[in-house]
Amino acid sequence: MEYRTEVIEEPDYFRWRNFDPARASQTHLIKEEDTDEVLLYLEILLNTLWSNRNHSEEDLLKMDSKLRRVLREHRILFRLRPDHKYLHRSRVEGGVRKTRPRRYDPNRYEPLHFEKLADETIVQADQDLRVLTKGTKWKEPLSGYNEAWNKYQDGQFSAIIAEKLYNSVEAVVQKMCVEQGWENETQTVGTYLDRLNKEGLFEPNQSMVGEWQQIMGGLRTGVQKTGDRKSWHDEVDQDYCLLLLHQTSAFLTFLIKRYEKESE
């Protein structure tokens with residue numbers, strides 16, 4: 001009823017008075033409607049479930065964990081807010097354990113809602129690069145990129161993601177320069193990128209030169225964020241990890257496609 005009120009003109013197939021028709025209507029809506037409509041419905045559904053005392057807190061927390069895992073595993077670029085830890089009665093914040101006297105209530109605290117993490121151009125760049133990772137030529141150089149995504153999908157937001165991405169960029173530009181006989185295998189990433197620039201791979205898009213310098217700087221910063229190896233697995237902000245993943249995918253997609261075009 002709340003969904004029908006929100007959208008004003010609800011789908012004509014939507015049934016809600018009896019269980020089986022309601023469930024069938026829900027399945028149809030999730031499969032067929034636009035993303036915005038589906039997310040609106042899911043937000044209402046989740047907040048209704050959390051507000052309903054008939055569902056145990058333990059079951060709701062399990063469902064929440066599964067939903068967040070699905071978003072990561074399928075590279076769906078939406079995040080469910082507030083964070084999972086805030087749904088627990090007890091959590092550590094700033095080194096101090098804070099305990100809520102009652103279960104999470106969306107009407108009392110922040111309602112559950114989906115937050116978009118990236119636009120369609122970034123999604124497309126990632127999909128294009130994933131296609132290249134399946135081919136023989138670029139599979140090995142891009143293995144670090146895939147490993148970085150695997151870490152992200154597992155919820156391991158650490159400096160290891162930045163390291164894997166850096167390794168992939170290094171492997172790709174090294175392959176290009178060595179394959180063409182421009183440089184040997186002992187050069188640095190900066191040397192390889194400078195050589196690609198001199199060979200005209202960034203023309204007429206010279207702005208890309210500044211962009212790849214920023215990307216490499218971001219990756220180096222990500223690698224350095226946790227300091228020494230003792231804290232290598234410490235958590236790095238999820239937004240920062242996702243930014244590095246998408247910057248790298250967009251840059252490598254451009255670079256590989258341009259290289260293959262020039263090599264034809």
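The values are calculated or read from the model by the stated rules, or taken from the named source; none is laboratory data. Predicted model, so just to flag it, every value in this text is computed and none were measured. Every residue, glycine as well, gets a Cβ built from its backbone with ideal geometry; the counts of neighbours run over all protein chains shown. Keep in mind that these areas ignore ligands, DNA and RNA; they rest on the heavy atoms of the full protein, side chains included. Shrake-Rupley method; radii C 1.70, N 1.55, O 1.52, S 1.80 Å.
Of all residues being among the hydroxyl-bearing types (Ser, Thr, Tyr) and outside any helix (DSSP H, G or I) in region 164-189, which is surrounded by the most Cβ atoms within 10 Å (Cβ to Cβ)? Just the residue, please.
THR188
Every residue, every condition in (1) at pLDDT 80 or above; (2) farther than 16 Å from SER65 by Cβ; (3) not in a helix (DSSP H, G or I), yes or no:
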{"position": "LEU80", "(1), (2), (3)": "yes, no, yes"}
{"position": "TYR86", "(1), (2), (3)": "yes, no, no"}
{"position": "LYS98", "(1), (2), (3)": "yes, yes, yes"}
{"position": "ARG102", "(1), (2), (3)": "yes, yes, yes"}
{"position": "ASN107", "(1), (2), (3)": "yes, yes, yes"}
{"position": "PRO111", "(1), (2), (3)": "yes, yes, yes"}
{"position": "ILE122", "(1), (2), (3)": "no, yes, no"}
{"position": "ALA125", "(1), (2), (3)": "no, yes, no"}
{"position": "LEU129", "(1), (2), (3)": "yes, yes, no"}
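If only one of LEU67, LEU40, LEU49, LEU60 is at pLDDT 90 or above and touching a His at 6+ places or on another chain (Cβ under 7 Å), which one is it?
LEU49
Would you please name the residue that is nearest to LEU244 (Cα to Cα), looking only at residues in region 180-221 that are at pLDDT below 85 and hydroxyl-bearing (Ser, Thr, Tyr)?
Top of the filtered list is THR221.
Pick from region 146-163 the residues that are assigned to a helix (DSSP H, G or I), modelled with pLDDT under 90 and of a type outside the set (A, V, I, L, M): which of them is most open to solvent (accessible area, probe 1.4 Å)?
ASN150
Within region 1-78, which helices (runs of 4 or more DSSP H) (wholly inside it) include 2 or more residues that are loosely packed, with under 15 Cβ neighbours inside 10 Å and in contact (Cβ under 8 Å) with a residue 60 or more places away in the chain?
Filter on region 1-78 gives 57-73.
Please determine whether any residue of region 127-137 is surrounded by 18 or more Cβ atoms within 10 Å (Cβ to Cβ) and either within 28 Å of VAL189 (Cα to Cα) or in contact (Cβ under 8 Å) with a residue 12 or more places away in the chain (or both).
yes
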